[in-house]
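Working notes, beginning with the structure itself.
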Amino acid sequence: MGNTHSPTRARMRQVLNVLGPFLGLLVVIGFFSLNPEVRPYFLSGANFKVILSQTVIVAVGALGMTMIIVSGGIDLSVGSVVALTSVVAAVLLRQEWIPLLVIPLTVLVGGFIGFINGVTIAGLRMMPFIVTLGMMGIARGTAKWLAGNQTVNCPDSPVNDIMALHQPMQLLPLPPGVWIASGLAILMVLVLRQTVFGRYIFAIGSNEATARLCGIRVQRQKVLIYTLGGFFFGLAGLMQMSRLAQGDPSVAVGLELDVIAAVVIGGASLSGGTGSILGSMIGALIMGVLRNGSNMSDWPNYMQEIIIGIVIILAVALDRLRQRRAS
Amino acid sequence: MPTPRLRMVDVRKSFGATRALQNVSFEVEPGEVHALIGENGAGKSTLMKILSGAYVADSGHIELEGRPFRAADPLHARRCGIAMIYQELNLAPHLSVEENIVLGEEPRRFGWVNRKERRALARRALAQLQHDSIPLDAPACTRTIAEQQIVEIARALVGQPKVLIMDEPTSSLTRVDTENLYAAIGRLKQQGVSIVYISHFLEECQRVCDRYTVLRDGTTVGHGLMAEAQLGEIIRLLVGREVQDIYPRIPHTIGETILEFRQLAGRPKPRSASLRLRAGEILGIAGLVGAGRTEMVRAAFGLDRLAEGTVHVRNRLSGLAQPRRRLTEGIGLLSENRKEEGLMLNRSLADNLTLTHFGPLARFGFISSRLQRQAARRWMEELDVHAQGPGQSAAELSGGNQQKIAIGRLLHHEAGILLLDEPTRGIDVGSKAQIYRLMGQLAAQGKAILFISSYLPELMGICDTIGVMCRGVLSDIRPVAEWTEHSIIAMAIGQPESQLETKS
């Protein structure tokens with residue numbers, strides 16, 4: 001009897017796997033809409049624009065982090081890299097470099113830090129946790145040093161437009177940053193699913209020994225993964241600078257945990273081999289809606305933190321439960 | 001007649017449909033070293049796992065010092081005086097020698113470790129082996145392999161065992177260390193400990209054992225006094241089965257040499273391996289577990305470091321190489337360790353099948369999942385894989401089907417040279433027969449196959465030529481007609497027939 005049902009059940013399971021994070025997002029939105037006093041403000045186009053633009057930085061970070069976590073690694077230096085690159089962008093703008101140069105340079109700095117991480121991890125066969133924990137301190141320190149331990153103000157420039165909310169009372173136009181993030185997300189979906197580079201990332205995370213057996217140059221691939229991840233973190237830093245209109249070396253402390261949480265809520269396993277860009281993006285949105293909704297509901301900051309903590313554990317627990325039933 | 005220390009009568013054990021032990025009887029006297037001899041898969045470890053509580057027998061009778069005994073779990077067995085030392089070292093590398101010796105049996109009072117007593121216990125155990133020179137405070141991982149082995153035995157002695165089981169204790173020891181181990185065994189014997197000594201090396205058994213029992217295919221086929229035994233007779237007992245006809249002979253013609261190893265040496269194994277593999281040939285490599293066969297192909301494939309020697313592919317020198325290069329040369333390696341190395345268990349069958357060869361599945365640099373599924377489906381049909389579809393994860397398949405997927409990857413890669421390391425290990429008879437037929441078909445297509453196996457009947461059944469590896473050396477390779485199971489085993493245990501004849 002179970003046999004005749006198993007193909008449909010298998011398909012149901014697949015659908016549920018894709019829809020799982022979506023349902024979670026709907027539940028969270030529905031939950032905050034329950035309160036009639038909050039609903040009109042929470043469920044408005046203008047507020048969704050705010051949520052989207054607040055989520056962008058975590059989302060862009062999650063694009064890089066998804067790749068890294070799928071490969072079986074982790075990067076704890078995200079928050080510090082965002083701070084460092086935001087300072088770099090501000091310093092360059094203050095010295096009147098043209099924005100057309102500042103933007104790629106800032107992203108490159110992020111990529112360079114990722115490259116150092118990758119080379120250390122692959123070359124010395126070290127644990128990514130340790131290497132990036134070290135880099136977390138190095139990047140943060142460098143940011144403070146560069147900024148002279150204070151915020152770096154910079155002249156108004158087109159860079160600030162990336163995250164600007166024109167027409168704050170309506171949904172459109174969205175800030176360019178949201179479009180950039182969406183475009184990159186689509187690109188990364190393709191890269192992870194349909195390029196050899198992407199399939200190798202899954203292979204390494206699923207079973208590094210098999211990857212080696214199958215001729216994948218595992219260490220080289222790891223350097224590429226962390227470097228590419230670094231580009232995304234650099235871009236997130238640029239967006240951070242754009243949003244605050246200044247470079248702040250003490251910004252984004254603990255951002256890495258939000259980014260990792262988004263990826264894990266999106267269905268990735270910290271032991272590698274599974275995860276999806278779409279899931280991570282929804283995970284980032286869930287985090288964004290939670291923060292925004294708690295603010296709107298006038299919950300104190302400490303309640304937000306407790307609730308976000310519970311949501312992370314719940315999301316992963318549900319995922320485990322689903323997997324155990326599947327096997 | 002005194003009661004034996006241990007008596008096992010008519011022990012039976014099945015795993016699903018396979019009968020691992022059918023009718024085993026076994027007796028050990030106090031203060032005796034008893035050799036348990038059998039080929040890989042004969043049932044030695046199953047029997048010992050029943051004794052030490054890891055498995056429960058389906059039926060049969062076990063007596064320990066005349067009283068019925070049934071181990072509920074390993075701890076219970078240990079408390080009853082049965083200790084086992086496994087082939088692989090099982091020490092906690094970062095704990096000290098002393099902590100390792102008493103691990104699990106720490107003298108304690110209200111949950112606090114009694115350090116003084118712990119030290120005394122550890123010291124007494126090492127003294128019993130006359131190895132009190134090993135520093136108690138050093139972390140276990142800083143000691144030599146031989147000393148770690150002593151620590152392992154000392155740990156077994158803490159419980160004051162009545163029966164001590166040693167599984168291939170010398171496989172990683174040098175000659176001098178082996179002598180020391182024999183001395184330690186001699187002392188334990190004098191103290192009345194009964195020792196079950198499992199080893200492939202018959203000359204070792206002759207040195208240290210008093211009696212022997214031979215297992216074959218889960219049955220006791222012989223026992224007796226070691227001193228009166230003739231090695232030839234024991235080998236005949238070990239082998240003595242009919243070659244069944246599950247080995248389809250598919251006619252194939254042998255062509256030019258396309259792969260050659262010249263004096264390959266790795267670290268530490270193999271010591272020296274040379275062979276020529278020809279197109280359309282199935283070349284079998286026989287030998288005991290640990291002889292260095294796996295290490296030979298891994299080094300040749302670039303997975304492990306090659307210390308010396310050269311690899312020639314299609315008559316061209318192709319020395320040091322990474323697996324990637326070997327794959328482009330059309331060489332594929334099937335790992336002996338399907339679960340840990342061979343497959344990505346949590347990925348789909350399609351991913352597993354196509355990982356090394358995305359080329360024909362891509363359009364403009366993007367892999368088409370439709371083409372990927374199509375290719376996967378084709379291989380699954382061709383290899384008769386029982387699964388829901390190409391999207392199912394590899395972990396959900398049976399061993400036989402998993403193995404077909406792992407082989408399918410080599411076929412999808414269009415490899416012309418296949419290095420198959422134990423391709424039939426741990427899979428059902430039906431799948432085995434399918435894999436034998438497939439190997440015949442591949443050879444008929446002109447592919448060259450190197451077939452490593454520890455199971456002689458299958459080597460005799462499907463190979464054109466067979467070479468035997470013993471302690472890291474691949475000695476002569478001969479056409480299968482010039483071998484008998486008897487002569488292969490004799491060669492594998494380092495007792496070539498010529499020597500046997502002069503001895504006996």
Leading residue by the ranking (farthest from B:LEU418 (Cα to Cα)) among those in the range A:191-212 that are within 7 Å of chain B (Cβ to nearest Cβ) and among the hydrophobic types (A, V, I, L, M, F, W, C)
A:PHE202
Condition check for A:GLY275: of a type in the set (Gly, Ala, Ser), away from chain B (no Cβ under 14 Å) and touching a residue at least 12 places away in the same chain (Cβ under 8 Å):
no
Does the range B:113-132 contain at least one residue that is of a type in the set (Asp, Glu), within 30 Å of B:VAL11 (Cα to Cα) and either at pLDDT 85 or above or within 25 Å of the chain's Cα centre (by Cα) (or both)?
no
Which residues, counting only those in the range B:159-178, are buried (at least 21 other Cβ atoms within 10 Å of the Cβ) and in a strand (DSSP E or B)?
B:VAL163, B:LEU164, B:ILE165, B:MET166
Could you tell me whether the range A:251-271 includes any residue that is more than 30 Å from A:LEU314 (Cβ to Cβ) and not charged (D, E, K, R)?
no
Condition (residue is within 24 Å of A:ALA211 (Cβ to Cβ), of a type in the set (Asp, Glu) and surrounded by fewer than 21 Cβ atoms within 10 Å (Cβ to Cβ)) applied to the range B:395-402: is it met by at least one residue?
yes
If you go through the range B:450-464 one residue at a time, do you hit one that is of a type in the set (D, E, K, R), closer than 21 Å to B:ALA300 by Cα, assigned by TED's automatic domain parsing to the domain that holds B:GLY416 and out of contact with any Ser or Thr (no Cβ under 6 Å at 6 or more places or on another chain)?
no
Restricted to the range B:308-365, and to residues that are assigned to a loop (DSSP other than H, G, I, E, B), of a type in the set (D, E, K, R) and over 15 Å from A:GLY215 (Cβ atoms), which residue is nearest to the other protein chains (Cβ to nearest Cβ)?
B:ARG347
Taking the options B:SER272, B:SER318, name whichever one is in the same structural domain as B:HIS486 (by TED's automatic domain parsing), over 29 Å from B:ALA490 (Cβ atoms) and more than 19 Å from the chain's Cα centre (by Cα).
B:SER318
Among the residues of the range B:51-109, write down those that are out of contact with any helix residue (DSSP H, G or I) (no Cβ under 8 Å at 6 or more places or on another chain) and hydrophobic (A, V, I, L, M, F, W, C).
B:LEU64, B:PHE69, B:ALA72, B:LEU75, B:CYS80
Check every one of the strands (runs of 3 or more DSSP E) wholly within the range B:9-120 and list those with 3 or more residues that are farther than 28 Å from B:GLN149 by Cβ.
B:18-28, B:59-64
Pick from the range B:382-416 the residues that are out of contact with any strand residue (DSSP E or B) (no Cβ under 9 Å at 6 or more places or on another chain) and either under 13 Å from B:LEU355 (Cβ atoms) or of a type in the set (Lys, Arg) (or both): which of them is farthest from the other protein chains (Cβ to nearest Cβ)?
B:LYS404
For the condition touching a residue at least 24 places away in the same chain (Cβ under 8 Å) and farther than 26 Å from A:ILE216 by Cβ, what is the one hit in B:LEU264, B:LEU277, B:LEU259, B:LEU288?
B:LEU288
Just checking, which of B:MET469, B:MET439, B:MET460 is over 25 Å from B:ARG236 (Cβ atoms) and in contact with a helix residue (DSSP H, G or I) (Cβ under 8 Å, 6 or more places away or on another chain)?
B:MET439
In the range A:143-169, anything under 23 Å from the mean Cα position of the chain (by Cα) and buried (at least 19 other Cβ atoms within 10 Å of the Cβ) is listed as A:ALA143, A:VAL159, A:ILE162, A:MET163
Taking B:GLU281, is it touching a Ser or Thr at 6+ places or on another chain (Cβ under 9 Å), modelled with pLDDT of 95 or more, among the acidic types (Asp, Glu) and assigned by TED's automatic domain parsing to the domain that holds B:LEU411?
yes
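May I ask you to list the residues in the range A:213-243 that are at the interface with chain B (Cβ under 7 Å from one of its Cβ atoms) and either surrounded by fewer than 21 Cβ atoms within 10 Å (Cβ to Cβ) or in contact (Cβ under 8 Å) with a residue 12 or more places away in the chain (or both)?
Within the range A:213-243, just A:ARG217 meets the criteria.
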Determine whether A:MET188 is within 14 Å of another protein chain (Cβ to nearest Cβ) and in contact (Cβ under 8 Å) with a residue 12 or more places away in the chain.
yes
Out of B:LEU188, B:LEU157, B:LEU121, report the one residue that is of a type outside the set (Ser, Thr, Tyr) and either free of Cβ contacts under 8 Å to residues at least 60 places away in the same chain or within 30 Å of B:ASN23 (Cβ to Cβ) (or both).
B:LEU121
Looking at A:GLU305, is it within 20 Å of A:PHE32 (Cα to Cα), among the acidic types (Asp, Glu) and part of a helix (DSSP H, G or I)?
yes
Flagged in the range B:454-469 as polar (S, T, N, Q) and either in contact with a Cys (Cβ under 6 Å, 6 or more places away or on another chain) or farther than 19 Å from B:ILE331 by Cβ (or both), in numbering order, are B:SER454
Flag if B:VAL208 is of a type in the set (A, V, I, L, M) and closer than 21 Å to B:LYS13 by Cα:
no
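The values are calculated or read from the model by the stated rules, or taken from the named source; none is laboratory data. A quick note: this is a predicted structure, and the numbers were derived from the prediction, not measured. Positions of Cβ are backbone-derived with ideal geometry, glycine not excepted, and every protein chain shown enters the neighbour counts.
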